[in-house]
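Following: one structure in structure tokens, then a few remarks.
Readers should treat all values here as calculations from the given coordinates under stated rules, not as data from a laboratory. Computed from a predicted model, the values in this text were never measured in an experiment. Here Cβ is always computed from backbone atoms with ideal geometry, including for glycine, and neighbour counts include all displayed protein chains.
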Amino acid sequence: MNARLRWRKFVSGFMLSVTGACAAVAVSVLFFILGYLVYHGGSSVNWAFFTKLPTPVGESGGGMANAIVGTAKLLSLAVLVGVPIGFFGAIYLAEFSGNGIIAFVVRYAADLLNGVPSIVIGIFAYTMLVLPFKHFSAIAGGFALGLMMVPITLRSAEDFLRAVPRALREGAMALGASKTRTIATVIVPAAYRGIMTAILLALARVAGETAPLLFTAFSNRFWSHGWNEPIASLPVMIFTYAIAPYDDWHRQAWAAGLVLLGLILIVNIFARAILSRGGTILR
Amino acid sequence: MATTITTVPGAGPISGSRAFFRKLREGDEIARIITFLFAASVVLVTLLLVWELWQGSVLPRHKFGFGFFFTRVWDPIAEQFGALPFIYGTLVTSAVSLLIAVPLGLGAAIFLAELAPQKISDTLQFFIDLLAAVPSVIYGLLGVFIVIPLMREYIQPALKRTLGFLPLFQGPAYGVGFLTAGIVMAIMVIPYIISVSREVLLSVPRDQREAALALGSTRWESTWKVVVPFARTGIMGSVFLALARALGETMAVTMVIGNTPTISASLFSPGYSIAAVIANEFTEATGDTYLQALIELGLVLFLLTFILNGLARLLIVLTSRRGAGMGQT
Amino acid sequence: MHASVRQAVSVNINPTTVTAGRETAAPATMRMNVNKVNFFYGPKQTLFDITMGIGANKVTALIGPSGCGKSTLLRTFNRMHETVRGARLEGEILLDGKNILSQDVTQLRRRVGMVFQRPNPFPKSIFDNVAYGLRINGSKLPIADAVEKSLRHAALWDEVKDHLHKSAYELSGGQQQRLCIARALAVEPELLLLDEPCSALDPISTAKIEELLVQLKDLCTIAIVTHNMQQAARVSDYTAFLLMGQLVEFSPTPHMFTTPSDPRTEAYITGRFG
């Protein structure tokens, strides 16, 4: 082996280490994040955190019970807005429309919507649902989050519906089932697992969104009643508490961050585990 | 659709079956219409969004016109609104983030796609996917309590000592600022660069790599001189995608950039970005012009990400097209 | 060339090599010797006890029905099988007497070149494609001269000499394949492997390449896998017939195609299966 070849092999091995280090650094960020959250927030995730309301400024103690419930309420609204549009729209794309111009426009619009920064979605929800009524509300926040769920749900559901084998469809139709019946009783159940995980992943994504809530749902130091009042949410609380000058609030912000990220990661891992057992495509 | 069944007038079963077919078709028709309406609503909502952004910014558009983009002054009291500081801040932090994230991300993607054994590659990709799911506000949390002190105590002083002759690294080190925001943004954007670049690299046809190896290339040579150049348009696409995400990044940036509409050559200077100013001032905006100026900024952000996303998708499609069409007469 | 390597080394397990009296018996000198090679993809064995030789400066063809293992065998000659996970090789493969499995693989692949089934030029100019191997391995001649030399050997020079900077993808399929041959020849390999090089090409391009192969014999040793028996009969000096991972017969081409020694060979050649 001559010197030149030795050098080339050295470079090859060296670059393997360099790129491997890049990958290691990237992945280690995840563990750093989790580590810091546990370290700073672990001790503050206690019963009070889950059950108490925030205390007045300056007083210590208190929790984020209203924010937890608020996030749950907002996510339910998001599901009500995002899932039907995404699901039925996907059925239209996969079953009724084929690849014509309408399908192209719908898919393009969905991709466009997907790329819109979340704060701009917040502006849109503001002009539609806050400005006319002159107050912040859970509905406006839920609408913004739901809108963000639409493109993810739509494209993923379409992929899973299309992935259902022709043989199943043709079997049902050969037995005399109408298209609607085939869809409802054969195709959707076959794609069910994939669609559910797509919805879960979309939920996990919007659960952490803060920007669109800043001027739609706004925030609330007390319980929010019904759907027409401003409502607290975990992400907004984290933001508010983190930039405030109170140590006690910082402590709670870490705890909230740990809870929020913990939930998001659990849902992600769970959803991917379901999918990999099914062996279907993941967007 | 005309049926070729001849009907005998008054024959029971045949007219019954015609009615049956009609009902069947109508059921399908109804389903088609309903699902179409849902699908169409996506298009409608998107159009409505653009419309609202346009209409909602009418006052400043008429008052300032294109000058809006070149004015430095942002003075709500005097009702003078200029977008330049925010555009500047957005561009600078994005540039810093890309400078850090692209080499790191591309290196990691190359490792995952070309050099690592399958199991390691899949495990690491799993963690990268989880990283992509971490919300912005959590990065912001770490930014505020971990990165800012780190910058203030160690990194900024060190940069000042070594590279302080450059205007980039001058001025007081507060911990917040363009550099910090750029670093935090880089951390957020790396998973996207890795995921998309990795997919693009994996889509390069096998026989390109094999041809290079068969000529006596080392692993690295076949990767760097053949596979990566083959995938270069797709990799550029991944960079554009990452940039589009970076531009829209709100929370983490708001928490570490300093929130001061300054234009400064120094990366240590506090600044502002388009998304950050909207987030901070939207609920405080008094007066229609103020609010609408913020909406106009939202419109700018929308247009920027729209163009970038479109370009990105085009580039990625071009790479896969090239892989499919190669070698055919 | 190691004159000490004689035909006695290339003993076939299964019946037949050579009939006495023919002018070319087994090849006088072997460039490569394959000894008792067994090949596995994971648990599945795909090559069984292959022993044969590749004659120096001759064209050896590997023929057989789909899935018989001829491409697999060819790819072991430059250790390309190592790019596939789970591939395992047992046995010995000697290049000029030295076992290739214990050599440095990068160096080996410079000495044993390969042309693939579908033309696969790099997304570079015609010149840069041919120059690629020269640039990484080093070249005795100035690069431009070496590139011209290779393109002439590949019978492509006249067609591209004024367009060297153009993208390789602007060439036709047949031209691209000749470019790949030029690219492989540029590093002056001792053995050139071709894996069904004409299967994606039209008859005219195929004929050009077949002509080329016969001329290239003087430059280097050639081993070619083909599913086209007529092609094997046209271009090769020796033919090996593989069936289900086993070497059924290995003899000089004229002998194999007129009076094959094994009934299975005869059945394949006469088209009774395949």
Charge sum, other residues only, whose C-beta stays under 11 Å from residue C:141's C-beta, Lys/Arg counted +1 and Asp/Glu -1: -1
Within 10 Å of each Cβ in B:111-121, the average number of Cβ atoms from other chains: 3
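Dividing the convex hull volume of the alpha carbon atoms of the range C:166-229 by its residue count, what do you get in Å³ per residue? Intermediate values should be presented prior to the final figure.
Details: hull volume 5.7 nm³, N = 64.
Convex hull of Cα atoms, per residue: 89 Å³.
Report the charge-dipole magnitude of chain A in Debye, nearest 20, computed about the Cα centre from +1 at each Lys and Arg Cβ and -1 at each Asp and Glu Cβ. Each step should come with its number before you reach the end.
Details: 21 positive and 10 negative charges, 232 e Å.
I would put it at about 1120 debye.
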Modelled FRET efficiency - R0 22 Å, residue C:152 with residue C:199, Cβ distances, 0.05 increments: 0.30
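When you have a sec, figure out the Kirkwood radius of the protein assembly as shown from all distinct Cα pair distances and drop it here in Å to one decimal? Kindly include the intermediate steps, with their values, before the conclusion.
Working: mean 1/r = 0.0315 Å⁻¹.
Evaluated over the protein assembly as shown, this radius sits at 31.8 Å.
Given N residues in the range B:67-326, what is its alpha carbon radius of gyration divided by 2.2 N^0.38 Å? Mind dumping the intermediate values first?
Numbers: Rg = 20.7 Å, N = 260, 2.2 N^0.38 = 18.2 Å.
My calculation over the Cα atoms of the range B:67-326 gives 1.14.
Would you work out if chain A is rounded, prolate or oblate? Take a ≥ b ≥ c from the square roots of the eigenvalues of the alpha-carbon gyration tensor; rounded if a/c is under 1.5, else prolate when a/b is larger than b/c, oblate otherwise.
Values: a/c = 2.11, a/b = 1.11, b/c = 1.89.
Oblate, since a/c reaches 1.5 and b/c is not below a/b.
Provide C:202, C:162, A:111 in ascending order of the number of other Cβ atoms located within 10 Å of each residue's Cβ, fewest first.
On the way: C:202 12, C:162 8, A:111 16.
So the ranking, lowest neighbour count to highest, is C:162, C:202, A:111.
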Per-selection metrics, the range C:144-251 (Cα): Rg and Dmax in Å: 14.9, 48
Average projection area in nm² (convex hull over Cα atoms of the range A:214-274, one quarter of hull surface): 5.4
Among the listed pairs A:9/C:98; C:70/C:217; B:119/C:98; C:149/C:208; A:9/B:225, those beyond 24 Å (Cα-Cα): B:119/C:98
Computed magnitude of the charge dipole of chain C (debye, nearest 20; Cβ of K, R +1, Cβ of D, E -1): 500
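When each pair of different Cα atoms in the range A:142-211 is counted once in the 1/r mean, what is the Kirkwood radius in angstroms, to one decimal?
On the way: mean 1/r = 0.0751 Å⁻¹.
Evaluated on the range A:142-211, it is 13.3 Å.
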Cα pair distances exceeding 17 angstrom across the range B:93-174, given as percent: 67
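Within 10 Å of each Cβ in peptide C:217-229, how many partner chain Cβ atoms are there on average? Round it to a whole number, please. Before the final figure, lay out each step's value.
On the way: counts 0, 0, 0, 0, 0, 0, 0, 0, 0, 0, 0, 0, 0.
Mean number of neighbouring Cβ atoms from other chains: 0.
How would B:62, C:227, A:40 line up from fewest to most surrounding beta-carbon atoms within 10 angstrom? Display every interim value, and only then the final one.
Working: B:62 9, C:227 17, A:40 20.
So the ranking, lowest neighbour count to highest, is B:62, C:227, A:40.
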P(r) tail fraction, chain C - alpha-carbon pairs more than 25 Å apart, %: 44
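Among residues other than residue C:64 whose Cβ falls under 11 Å from its Cβ, what is the net charge (Lys/Arg +1, Asp/Glu -1)? All intermediate terms of the calculation are to be shown ahead of the outcome.
Numbers: positive: C:70, C:264; negative: C:249.
It works out to a net charge of +1.
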Average projection area in nm² (convex hull over Cα atoms of the range A:1-159, one quarter of hull surface): 18.3
Tensor-based shape of the range A:122-249 (alpha-carbon gyration tensor, a/c under 1.5 rounded, otherwise prolate or oblate): prolate
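Could you order peptides C:115-121, B:163-169 by the average number of other Cβ atoms within 10 Å of their residues, highest first?
Working: C:115-121: 23.4, B:163-169: 13.6.
Ranked from most to least packed, the peptides come out as C:115-121, B:163-169.
With +1 on each Lys and Arg Cβ and -1 on each Asp and Glu Cβ, and nothing else charged, work out how big the dipole of the protein assembly as shown is about its Cα centre, in Debye to the nearest 20. Don't skip to the answer; put the middle values down first.
Working: 73 positive and 55 negative charges, 261 e Å.
Roughly 1260 debye for the protein assembly as shown.
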Helix axis angle, C:173-185 relative to chain C longest principal axis, alpha carbon, degrees: 80
Normalised convex hull volume, the range B:192-329, alpha-carbon set, Å³ per residue: 145
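Arrange the peptides B:241-248, A:20-27, B:217-224, A:117-124 so that the one whose residues have, on average, the most other Cβ atoms within 10 Å appears first. It would help to have the intermediate numbers written out before the result.
On the way: B:241-248: 25.0, A:20-27: 19.5, B:217-224: 22.4, A:117-124: 27.5.
The peptides rank, most packed first, as A:117-124, B:241-248, B:217-224, A:20-27.
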For peptides B:188-198, C:95-105, B:121-131, sequence by mean Cβ density within 10 Å, most packed first: B:188-198, B:121-131, C:95-105
Amide H within-cut-off set for residue C:47, under 5 Å, with H built and near neighbours excluded: C:39
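Given the rule -39500 (n - 2.57) for each run of at least 4 DSSP H residues, summed and divided by the residues of chain C, what is its mean residue ellipticity at 222 nm, to the nearest 500 deg cm²/dmol? Write down the numbers at each step before the final one.
Numbers: 10 runs with 88 residues, N = 274.
The helix contribution divided over chain C gives -9000 deg cm²/dmol.
Provide a whole-number value for the mean count of partner chain Cβ atoms within 10 Å of the Cβ atoms in peptide C:115-124.
Average neighbour count from other chains, rounded to a whole number: 6.
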Principal-axis tilt of helix C:203-216 within chain C, Cα atoms, nearest 10 degrees: 80
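Okay, helix-only estimate at 222 nm for chain B: each DSSP H run of n ≥ 4 adds -39500 (n - 2.57), divide by all residues, round to 500 deg cm²/dmol; what do you get?
Values: 13 runs with 215 residues, N = 329.
Helix contribution divided over all residues of chain B: -22000 deg cm²/dmol.
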Kirkwood Rh, angstrom, the range C:202-262 [1 / mean 1/r, Cα pairs]: 12.6
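Check every DSSP H run in chain B and write down those whose alpha carbon atoms cover 18 angstrom or more along the long axis and whose mean Kyte-Doolittle hydropathy is 1.0 or greater.
Details: long enough: B:12-55 (62 Å, 0.73); B:84-110 (37 Å, 1.86); B:118-132 (21 Å, 0.56); B:178-202 (34 Å, 1.89); B:232-248 (25 Å, 1.09); B:288-325 (55 Å, 1.19).
Correct list, ordered by number: B:84-110, B:178-202, B:232-248, B:288-325.
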